[in-house]
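Everything below concerns the one structure shown next.
The values are calculated or read from the model by the stated rules, or taken from the named source; none is laboratory data. The model shown is predicted, which means the values in this text are computed figures rather than measured ones. Here the Cβ positions follow ideal geometry from the backbone for every residue, glycine too, while neighbour counts run over all protein chains shown. These area figures cover heavy atoms from the full protein model, side chains too; ligands, DNA and RNA do not enter into them. Shrake-Rupley method; radii C 1.70, N 1.55, O 1.52, S 1.80 Å.
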Amino acid sequence: MARAFTPKVVTANALLEGDVIYMKPNGEWSRLHSEAKLFEDETEANDALAHASEQASLLVGAYLADAVKRKDGKPEPVHFREVFRTKGPSNYPDHGKQAEL
Amino acid sequence: MYEYNQFDRDFVENRNKQFRAQVERRLDGSLTEDEFKPLRLMNGLYLQLHAYMLRVAIPYGTLNSRKMRQLAYLADKWDKGYGHFTTRQNIQYNWPKLKDVPDMLDALGEVEMHAIQTSGNCIRNVTADHFAGAAADEIEDPRPTAELLRQWSTDHPEFQFLPRKFKIAITGAPNDRAVVKAHDIGIQMNRNEAGEPGYRIIVGGGLGRTPMIGKTVREFLPKEDLLPYLEAILQVYNLNGRRDNKYKARIKILVHETGVEEITSMIEEVFEKQKSLHQAPPAEMIEAIEAQFLPPEFDTRPIDEDKLSKIIAADPLLRSFVETNTDLHREDTHTIVTISLKPIGGTPGDATGDQMRVMANLAEAYGYDELRISHEQNVILPHVRRDDLPEIFKVLKDAGLATANVGLLSDIIACPGMDYCALATARSIPVAQELSNAFEDLKRQKDIGPLKIKISGCINACGHHHVGHIGILGLDKAGVESYQITLGGDGTETAAIGERTGPGFSYEEIVPAIGRIIDRYLELREDGSETFLEAYRRVGADPFKDALYSSEAENA
């Protein structure tokens, strides 16, 4: 039996800086995971990924990453790799996204 | 130091121009990422977890002050003020922006550097003993050979699309500081019965998913036969390597599956043909390369030994630095200084732009303008007068570069791991930092003695964990970081692959687990002179497994 679909965000790296980006509810891109749209429907998630993959002049390597809904309704990453992607390297707390958080 | 000729300059300049145009076409949408990716990788540009990464080749780990200052300039202008020296004697910049990379490559070209062949299924940057030209135990400086190989392998049309990446390392000394037995081809200079210098050729070593110690296919190869012989090895590999399976595509698998006798006869057969076709490089070309690696004119005025020993004896920190961070030089008035890029709690291999300039200044003032990068992620001043040590130490101390830990527990190799690398399955840098912090007392580290801890954040083993006395491999176990321990690895002339101890440890458990191994070693060693590796070889893995797993059970 196929595994049940779990909620996802669409994520990629920005073409110019390589920074991690997430698709927002309006289809634009954010640097913040908390602003990502959480896709709870599989077809919708796949359509959004297909749409992202067409935006070659903006981004590189779009994919769907598991996420869950926090109490405040915002998405939160599941896997530790995705958690690191929301922050930056752990050896330099002033480098990457975490510098501005 | 090899200086580019017009051919080299034109070649690098043209490649940089091509790449600039390729970046422009990517940015204006004429190239897709699928089209652009192989082009950027050919020029050392990766896309990592948080940003792009530019990997710059430092051929055979040799730099001068001008090049080092330019590396500092790149770090300050286009990165976040630092660079990361790697286990392949390269430097990586972790934060370049795509549009800036062509300018970075032009700036590198100004000092005869580039990022070509630091990625892809080609012959990568040739690495060498970081003490080359300075070590007391050397037969010959291996760098003229390494430079010949650089010229031969750069853009070599036959070897641009090998089954997989291909790494060559060379040492000129019987004591192997270049891990030649863990490379696709390892070259060790030796002599025949007539006393002529030549090469022992070792093939099929490698770490990664399937670690292998290389096999000797030629005990003695005359120097003039090197290129046809290596072409024979590469032709055998290119035709027979496992292109069907990425994980079996390295030459080590071919050597293992074919058997060393069979592969040797295949190589020898092609070599005979290749030799007859091959035009040896003209003698004047070899001489011209060799002339660029002549030793400096050493200042051999006698040292005032009394004065020097008094200065050293009066300063315990200096004494400790001299004991730990210097090695025997071929000239007895001189010494080799290793500058540790492993400050307690720091990131192994990182240096700031300011620190790079300090090292460049020291090389210029005291070191005949020579610097080396070691595969152990440190920087070497290969030739300094022993009576300059107090001044050098003072400058290093002021720059935060005087950690006296070379060869000790906190002189850890670590790959970038999941803090940077898109392939990583776990973090490695913070494990190195926490281990270093846990054993911050250098006196304690000295008591523990020579110990090589090597950490990789995935099975690809860029952190050389298989050849660490203690190796740590970070994996993703059901969504949690898990660290496997191997013991008894050795990357020298007595090379060995470490043995796995058993189940892995969580991120929180790994540092205490290493602590238990160290405690057990201190209990069981015969005396202070028995190193960890010697003790391990005497008693085997069991006492350490016991320390790792039974005390864990008791604490549970």
Whole-percent carbon and sulfur share, accessible surface of the protein assembly as shown, 1.4 Å: 51 percent
Given a Förster distance of 35 angstrom, what is the FRET efficiency for residue B:239 paired with residue B:30, based on the Cβ-Cβ distance and rounded to 0.05? 0.45
Gained length - residue B:216 relative to residue B:192, 0.36 nm times residue gap less alpha-carbon distance: 7.1 nm
Compute the orientation-averaged projected area for segment A:8-93 from the convex hull of its Cα atoms and round it to one decimal in nm². 5.8 nm²
Quick one: compute the contact order of segment B:417-555, relative version, from alpha carbon pairs under 8 angstrom and 6+ residues apart, as a percent. 18 percent
Between their Cα atoms, which of B:165/B:446; B:37/B:167; B:37/B:342; B:181/B:248; B:215/B:248 are more than 27 Å away from each other? B:165/B:446; B:37/B:342
Measure out, as a whole number of angstrom, how far apart the alpha-carbon centroids of segment B:321-360 and segment A:1-76 sit. 46 Å
Computed label-point distance, nm, for sites residue B:287 and residue A:58 using a 7 Å Cα→Cβ extension: 6.4 nm
Pairs of alpha-carbon atoms within less than 8 angstrom and 6+ residues apart define the contacts here; what relative contact order does segment A:8-93 have, in percent? 32 percent
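Counting each DSSP H run of 4 or more residues in chain B as -39500 (n - 2.57), what helix-only mean residue ellipticity at 222 nm follows after dividing by all residues, to the nearest 500 deg cm²/dmol?
Rounded to the nearest 500, the figure is -12000 deg cm²/dmol.
When the Kirkwood radius is taken over all Cα pairs of segment B:417-555, what Stokes-Einstein diffusion coefficient follows at 10 °C and 1.306 mPa s, in µm²/s? All intermediate terms of the calculation are to be shown ahead of the outcome.
Numbers: Rh = 15.1 Å.
Diffusion coefficient, whole number: 105 µm²/s.
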So for the pair residue B:17, residue B:276, with labels modelled 7 Å out along Cα→Cβ, what separation do we get in nm? 4.2 nm
Value at 222 nm in deg cm²/dmol, rounded to 500, when DSSP H runs of n ≥ 4 in chain A each add -39,500 (n - 2.57): -6000 deg cm²/dmol
How many angstrom lie between the C-alpha centres of segment B:248-298 and segment B:179-240? 7 Å
Could you check the spin-label model distance between residue B:99 and residue A:2? Points 7 Å from the Cα along Cα→Cβ, value in nm. 4.2 nm
Quick one: give the max-minus-min coordinate of the C-alpha atoms of chain B along each principal axis, largest first, in Å. 63, 61, 59
Read phi for every residue in segment B:32-49 and hand back ³J(HN,Hα) as whole Hz from Karplus 6.51 cos²θ - 1.76 cosθ + 1.60, θ = phi - 60°, with x for Gly and Pro. 7, 5, 4, 6, 7, 3, x, 6, 5, 5, 4, 10, x, 9, 9, 10, 9, 5
Rounded to the nearest 100 Å², what is the sum over both chains of accessible area buried where B meets A, with a probe of 1.4 Å? 2300 Å²
Among the lysines, select those whose C-alpha is under 19 Å from the C-alpha of residue B:273, and discard any that sit fewer than 8 residues away in the same chain. B:223
Per the charge dipole of chain A (beta-carbon charges, Lys/Arg positive, Asp/Glu negative, Cα centre), the residue among A:21, A:60, A:83 reaching farthest to the positive end is A:83
If you rank B:138, B:193 by how much accessible surface each has, with a 1.4 Å probe, what is the order from largest down? B:193, B:138
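Quote the FRET efficiency, to the nearest 0.05, computed for residue A:34 versus residue A:99 with a Förster distance R0 of 22 Å and r equal to the Cβ-Cβ distance.
Plugging the Cβ-Cβ distance into 1/(1 + (r/R0)^6) gives 0.85.
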Dividing the Cα convex hull volume of segment B:484-552 by residue count, how many Å³ per residue is that? 89 Å³
Given 4 °C and 1.567 mPa s, how large is the Stokes-Einstein diffusion coefficient of segment B:41-161 in µm²/s, with Rh as the Kirkwood radius over Cα pairs? 86 µm²/s
Volume of the Cα convex hull of segment B:401-484, divided per residue and given in Å³: 91 Å³
Apply the Debye scattering formula to segment B:127-291, with a single equal point scatterer on each alpha-carbon and no solvent, then give log10 I(q)/I(0) at q = 0.08, 0.09, 0.11 Å⁻¹. -0.22, -0.28, -0.42
Evaluate E = 1/(1 + (r/R0)^6) for residue A:74 and residue B:209, where r is the Cβ-Cβ distance and R0 equals 25 Å; express this FRET efficiency to the nearest 0.05. 0.05
Net dipole in debye of segment B:407-556 [+1 Lys, Arg Cβ; -1 Asp, Glu Cβ; about Cα centre; nearest 20]: 280 debye
For residue B:85, enumerate residues with amide H under 5 Å from its amide H, sequence gap 5+ or separate chain, H modeled in the peptide plane. B:92, B:350, B:351
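Restricting things to Cα coordinates, could you compute the convex hull volume per residue of segment B:208-247 in Å³?
Numbers: hull volume 3.5 nm³, N = 40.
Spelled out: Cα convex hull of segment B:208-247, divided by residues, is 87 Å³.
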Where q = 0.11, 0.18 Å⁻¹, what log10 of I(q)/I(0) comes from the Debye formula for segment B:6-110, counting one point per Cα? -0.33, -0.90
In segment B:56-162, which chymotrypsin sites (Phe, Trp or Tyr not before Pro) are in a loop and have at most 16 other Cβ atoms within 10 Å, using DSSP for the loop call? B:161
Given the protein assembly as shown reduced to its alpha-carbon atoms as identical point scatterers, what log10 I(q)/I(0) does the Debye formula return at q = 0.05 Å⁻¹? -0.24
Just want to confirm a number: the relative contact order over chain B, from Cα pairs under 8 angstrom separated by 6+ residues, in percent. 13 percent
So how strong a dipole does the protein assembly as shown carry about its Cα centre when Lys and Arg Cβ are +1 and Asp and Glu Cβ are -1, to the nearest 20 debye? 1580 debye
